Amino acid sequence: MDVITIKSPSGTFNLSDLGFRWHREHEALGTADFSLRSDHIPGKTGDWYFGSEVGTKEYEFTLSLLEDDLTTLDQKIAELNDVLFDAYGKPQLLEITLDYTRKMFYAYFSEPIAPTTETILSKMKLTFVSFDGKKYSADKASEFLWGSEKINFKANYKLGDTGTGANALTITSNQSLDTFVDGKAVKPSIKIVGTGTNVKLTCAGRSIAVGTFTSKTIAIDTEMFIAYFDGVETLIDMDDFYIVPNAKVSVTGTGMNFVLTIDYQNVYM
């Protein structure tokens, strides 16, 4: 049976552990909802395109519980509610992993549970809405290692994928790194430990000017545009930096002697 795991602030749950059985059929849009923005300018032929906007994505799963006692059924649904709702009774942000593809998404429970009770096999639907409309690889790039028990032949990772290309990699000279991004462009987290002068990272024309540092531990969050030098927030010159599929990451500078890790999750529509 394919396994779907739900991680909430109160813990990680495989619903089969609560007695529910997932049915293989489920509904999910192939892509998130999106709209194209355009406007007509009088006197001009056709419309002007002003970009697009990605919306939400909905998922609907069916599960069942073989239980001839309605009191026990009620208890099981109460346990399920503890996973889906927070302490104040509001839907909480969930991390849902589709183990058969090693992909996950962030979503909220979005519709009430209405179990059937005509027979001892009760069926019900769980509906979720993902507001960013994206799926992510369940494993980070740094976890692509030989011998990994998470990554198997059920997962659809590309042959030859070695992950980040920089997993605790020692840098002493200018280098050009492969990254094996499988999906859309990603915003990585970057860690640098050591020394360098005028160090710069570049991918697809966008750069991070790390600068000059001596015996420092540097953490760069490209999603939040934040850098920390030895735990202290520090302003650096940073473009809207992405790692783009089929594009290399160049590392340049002088006097370099540091360990570089570039980590990310692949992103899919």
Problem - Inter-site label distance for THR119 and ASN246 at 7 Å from Cα along Cβ, in nm - result: 5.1 nm
Completion exercise
In Å³ per residue, the alpha-carbon convex hull of segment 156-268 encloses 91 Å³
Handout entry: Set LYS7/LYS140; LYS125/LYS184; LYS90/LYS140 screened for pairs whose C-alpha atoms are more than 23 Å apart
Key = LYS125/LYS184; LYS90/LYS140
Practice task
For segment 174-185, just list the computed ³J(HN,Hα) in residue order, Karplus coefficients 6.51, -1.76 and 1.60, θ = phi - 60°, integers in Hz, with x standing in for Gly and Pro.
Solution key: 4, 9, 10, 10, 7, 10, 6, 6, 10, x, 8, 4
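Values quoted throughout were computed directly from the atomic coordinates according to the rules given, and no laboratory measurement underlies them. Keep in mind that what you see is a predicted model, and the values were worked out from it rather than measured. Reconstructed Cβ throughout: ideal geometry from the backbone, glycine too, with neighbour counts over all protein chains shown.
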